[in-house]
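The values are calculated or read from the model by the stated rules, or taken from the named source; none is laboratory data. The model shown is predicted, which means the values in this text are computed figures rather than measured ones. Here the Cβ is made from the backbone with ideal geometry for all residues, glycine too, and neighbour counts use every protein chain on show.
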Amino acid sequence: MEPAKGPAKAMAERYKRIERITGQKILETKKELEDLARWEAQSSWQREPEHVDHPDHYNQGRFEVIDVIEDWDLGFAAGNAVKYIARYKHKAKPVEDLKKARWYIDRLIQQLEEEDG
């Protein structure tokens, strides 16, 4: 059995992080992890592309963007800016995502300036 990779690897790593944080087992057996790897090994024509939970553009590195946003406690505006910047290279309309990031950054700047008076 090949080791898990892609979305299955990201899912398995997320489970392991949750297990470390909560102290509770999520993946009880090696078979569950192997099932994830088997699912990942299926060719793309055999399974529908995932558009909601772990789509391909969410998994383009060692860290999923949502995990970084939550770990850094960025909040809504900064988190969305980071999200759009992190994923723009993997989207059909990269400039559109960068403009969205800029919109959130401008909004965050405005909020901080209003707080400072």
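Some notes on this structure:
- Check on R102, out of contact with any strand residue (DSSP E or B) (no Cβ under 8 Å at 6 or more places or on another chain), at pLDDT 95 or above and basic (K, R): yes
- E70 loosely packed, with under 13 Cβ neighbours inside 10 Å, over 18 Å from the mean Cα position of the chain (by Cα) and either modelled with pLDDT of 90 or more or part of a loop (DSSP other than H, G, I, E, B) (or both): no
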